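The values are calculated or read from the model by the stated rules, or taken from the named source; none is laboratory data. Quantities reported herein were computed from a predicted structural model and do not represent experimental measurements. For neighbour counting, all protein chains shown are included, and Cβ atoms are generated from backbone atoms with ideal geometry for every residue, glycine included. Calculation scope for accessible area: heavy atoms of the full protein, side chains included, ligands and nucleic acids excluded. Shrake-Rupley method; radii C 1.70, N 1.55, O 1.52, S 1.80 Å.
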Amino acid sequence: MAGLAVVVAVVVVALVAPLIAPYDAVAQLGIDTLKSRPPSLAHPFGTDPLSRDVLSRVLLGSRVSLAVAALSVLTATTLGTVYGAVAGYAGGRVDDLLMRGVDAALSIPRVLLLITVLALWGHVSAAVLIVVIGCTGWLSVSRLVRSEVLGLRSRDWVTAARALGATPARTLFRHILPNALSPVIVSATLGVANVILLEAGLSFLGLGVQPPEPSWGNVMQDGADQIRALWWMSVFPGLAILITVMAVNVVGDGLRAAADPRRRHVA
Amino acid sequence: MTATFALIHLAPGDPFAGALDDPRVTQAVRDHWRHVYGFDRSLPDQYVRFVAGIARGELGYSIARQEPVRTVLARAIPNTLVLMGIALLLSFGLGIAIGVVQAMRHGSLTDRAIGAITLAGYSLPDFWLAQLAILAFAVWLPLFPAGGVVDPVMHPYLGPLAAALDRARHVVLPALTLTVLSAAAVARYQRSALLDVAHDDYLRTARAKGLSERQVMLRHALRNAAAPVITLFGLALPGFLGGQVFIEKVFAWPGLGALAVDAVATRDYAVVVAVAIVGSVLVAIGSLLADVLAALVDPRRRTGAIARPLPPVPLRV
Amino acid sequence: MSAGLATPASAAPLLSVRDLRTSFRTDSGCARAVDGVSFSLRTGETVCIVGESGCGKTALALSLLRLLPPTATIAPGSSVEFEGRDLMALDASGWRAVRGARIGMVFQDAMTALDPVIRVGDQVAEVVRIHTPAIAPGAAWARAVDLLTLTGIPGPADRAHQYPHELSGGMRQRVMLAIALAMHPALLIADEPTTALDITVQAQILALLGELQRQLGMAILFITHDLGVAAALADRVIVMYAGEVVESAPAELFFAEPHHPYATGLLRALPDLSHPGDRLAVIPGAVPSATDWPRGCRFRERCAFAWSRCEAEHPPLYAISAGHESRCHLAAEPGRRVVTAASTA
């Protein structure tokens, strides 16, 4: 419950960020004295080397971070569900072939794949990020869905639906997939936590959302080379990420406990 | 491999984009260099050359570093393996111990408190923890060096013992950071796997034999929970390697991860591809090792008769 | 509640259970699985506890060795005396000295009761090592092989190196027996040890059990739902229903003159080979829920003889004859048994 409350709070903050941010997140305050300052009353999170208010940038950054996470997980889950459902429902050699491909692709470390692709992309917008993260994230979803579908395929009600003349597509989407939904929702929730971290990491390497548009990762990147002096540029956005990711993980654990009562202890 | 090639060539830009896009460079010069490095050939032709090269074990030439990719990799791989090896050993030891303590006190305050800590460890941005480690133990409390493998100035002058100590001091922070991150994951797997077997009948048999709770846990529960933990970690290995990329970058640890990031910045195709390939090979070796180990601890896996599904612990992939 | 079963004054009982009450916390309330059970067992004696699933017989067996899950509690008034000691007062280390050494236990499904990732020889040797700390590993292994030989496993030296999933069901149950008997216990508790086995293997295991009992002189508490098995083994039969003992009698007496309507019902439900073609009798209805035992007699709703007294008054254990007790008001008003009890052949 606490996890859910925090998640809701973070989402609300992201939605109203432009209204509550004390400064313009992109504006350089005091161009004559371009300097990063430690936290003060006027700037609780300090300012960055371009004299921008870090609190405002963190608040605004949440929009990009959350939007990228939510939309890319949606993309990945949709792709993975369709792929895994087809593989699991088809079974046999089709399944073998499809899943062999997924296994091979999964052995490439995702971070290496992403930095390669993003670096070559040049200017990365949030949309590109969503597509690229979404298109590399469906592999594990497809594995999950496939094993669920494989298990449900031979259940009585499925056989009954088929006996009554339902088409394969109808059987799959009306009778099997709805029953495979709860693990998919759990995995999507935990996927959101994972992508928030991933996006932050990529932006931190300068491969994510491009400045001046703020995201949690690139705010930290702005201070990365002077981390010894500008600790506030790392600590505050990092805390924002930690709290959000932890809350999402708590919600995910809770959902899983609800979806799988036999394994309630895992949460 | 094919995927790597396809993705690289789908993306706009090539290694010369930076240097050769300068308007003062004439188109003739651009075309010359593109020709020298083979970028003017058709894509299928480039693909065939790319695959053939890799099949011969030729990883190409690093344009940015002006040396064969093989040489660059040969320098980076040992550093990565050292860091990875230390972190894996420590995180398994620590993670298993934490998971055992939690499972033995399942539901207690201790279990919940540790659970909150491991969840936090599991939710930490890798690079942020690395930065905090530098701030805390290299800047505010200057106990350890903040980066690199050895002291860049003094190392050549140190005696063998002092040199070894210098190396050890440099590995502490990156290794501990990686350990904290993956020990949290291992602890979560371990606890969940132990609780999955907690109601199994053979544990009751063990108690009926007169074993103490501790003996039941260490001799029977832990052994039965080991295979799923190993398998899960095999699956989580790509994520582990991904985390190492950030740690190496922040600590300026000259391994594969930092190499990849730097090569990306200079659009050094050959190096990027080579690192991705080596990374995949490492993962493949790790998965194979995990399968072998899991079969060693659980004889049923040797015949393919796996008794239960894996615990549903999410992986950081 | 009632005094226990009569035991000859000459032999002090090996095991004496008084008013044992075990309950489980469940989602639907507190389940009183064992609800005031008393009985005793002499050295070398075989007692069969018979009942349907859900009657509390397994909970009873687990209570005796305190092997219950954490959701279970044993009520403070319960007493279990074994070899003159009060087991309920034992601490953890006291229990460890009893379990596996003085009391051995065999479980229903040897497939799940044996550790799947440890060689069966090591599983047998483990109990030897635990209770004989000074023994050399090699000696413990040799002893394990001897025990596997004793339980009739062919090629024991080779089988000891195998894992449970590589053995047949009958062999796994023999391994369980080897573990339970390793320290020559005074009491063996066997919880439906043959239920999961083929009928021929079942007969082999029962024969082996009888033979080992003669060799080792131990007492056996045998839990089963199968009256045929009880007939083959038991010196005394105790019938449990809804957490209580409803009838207790020496075996010959029980099979000749069962008293409780539930017991007669069980016996009539046995196939009778002397009258092939007869339809088997069934007891209508099902065991009531342990979270909510009915008032009065717990068998009342399934009983053909039930009358008002059965609803008003919970029946005590009536003494029918020496050593024969029944928890049925018919013992007080025998004239009400209007329907003659079916012959039990």
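The figures follow:
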{"read-out": "Residue pairs meeting the criteria (Cβ under 9 Å; at least 6 apart or on separate chains; first in a helix (DSSP H, G or I), in region B:168-179; second among the charged types (D, E, K, R))", "value": "B:169/B:151; B:170/B:151; B:174/B:248; B:177/B:126; B:178/B:126"}
{"read-out": "Residue within region A:93-103 that is aliphatic (A, V, I, L, M) and in contact (Cβ under 8 Å) with a residue 60 or more places away in the chain present", "value": "no"}
{"read-out": "Complete set of residues in region A:84-107 that are open to solvent by 30 Å² or more (accessible area, probe 1.4 Å), in contact with a Leu (Cβ under 6 Å, 6 or more places away or on another chain) and among the small types (Gly, Ala, Ser)", "value": "A:105"}
{"read-out": "Where a residue in region B:140-159 is more than 13 Å from chain A (Cβ to nearest Cβ) and in contact (Cβ under 8 Å) with a residue 12 or more places away in the chain and its partner, wherever it lies, is charged (D, E, K, R) and open to solvent by 50 Å² or more (accessible area, probe 1.4 Å), with Cβ under 6 Å and at least six apart", "value": "B:144/B:169; B:150/B:167"}
{"read-out": "Residue B:87, sole failed condition from (1) assigned to a helix (DSSP H, G or I); (2) outside the structural domain of residue B:186 (by TED's automatic domain parsing)", "value": "(2)"}
{"read-out": "Residues within region A:189-222 that are open to solvent by less than 20 Å² (accessible area, probe 1.4 Å), in a helix (DSSP H, G or I) and more than 9 Å from every other protein chain (Cβ to nearest Cβ), tallied", "value": "6"}
{"read-out": "Residue ID - most open to solvent (accessible area, probe 1.4 Å), chosen from residues in region C:162-178 that are under 21 Å from the mean Cα position of the chain (by Cα) and farther than 24 Å from residue C:65 by Cα", "value": "C:169"}
{"read-out": "Unmet criterion (only one of (1) modelled with pLDDT under 90; (2) surrounded by fewer than 21 Cβ atoms within 10 Å (Cβ to Cβ)) for residue C:255", "value": "(1)"}
{"read-out": "Helices (runs of 4 or more DSSP H) fully within region A:64-177 counting 2 or more residues that are closer than 28 Å to residue A:205 by Cβ, within 12 Å of another protein chain (Cβ to nearest Cβ) and within 17 Å of the chain's Cα centre (by Cα)", "value": "A:110-121, A:126-152"}
{"read-out": "Residues within region A:223-239 that are crowded, with 22+ Cβ neighbours inside 10 Å and touching a Leu at 6+ places or on another chain (Cβ under 6 Å), tallied", "value": "1"}
{"read-out": "Only one of B:122, B:157 that is more than 24 Å from residue B:92 (Cα to Cα) and of a type outside the set (S, T, N, Q)", "value": "B:157"}
{"read-out": "Odd one out for residue A:186, checked against (1) out of contact with any Lys or Arg (no Cβ under 6 Å at 6 or more places or on another chain); (2) open to solvent by less than 30 Å² (accessible area, probe 1.4 Å)", "value": "(1)"}
{"read-out": "Elements of type strands (runs of 3 or more DSSP E) in region C:17-78, at least 1 residues being closer than 17 Å to residue C:221 by Cα and touching a Leu at 6+ places or on another chain (Cβ under 7 Å)", "value": "C:29-41, C:46-50"}
{"read-out": "Cβ-Cβ under 7 Å pairs, at least 6 apart or on other chains, region A:224-237 side facing another protein chain (nearest Cβ under 10 Å) and in a loop (DSSP other than H, G, I, E, B), far side among the hydroxyl-bearing types (Ser, Thr, Tyr) and buried (at least 21 other Cβ atoms within 10 Å of the Cβ)", "value": "A:227/A:234"}
{"read-out": "The lone exception for residue C:152 - which of (1) on the phi > 0 side of the Ramachandran plot; (2) in contact with an Asp or Glu (Cβ under 6 Å, 6 or more places away or on another chain) it fails", "value": "(2)"}
{"read-out": "Looking only at region C:179-196, and only at residues there that are surrounded by 22 or more Cβ atoms within 10 Å (Cβ to Cβ) and at pLDDT below 90, the one that is nearest to the other protein chains (Cβ to nearest Cβ)", "value": "C:193"}
{"read-out": "Those residues of region C:14-71 which are of a type in the set (A, V, I, L, M), within 14 Å of chain B (Cβ to nearest Cβ), touching a strand residue (DSSP E or B) at 6+ places or on another chain (Cβ under 6 Å) and open to solvent by 10 Å² or more (accessible area, probe 1.4 Å), in sequence order", "value": "C:59"}
{"read-out": "Sole residue being touching a strand residue (DSSP E or B) at 6+ places or on another chain (Cβ under 6 Å) and either open to solvent by 10 Å² or more (accessible area, probe 1.4 Å) or at the interface with another protein chain (Cβ under 10 Å from one of its Cβ atoms) (or both), chosen from C:104, C:138", "value": "C:104"}
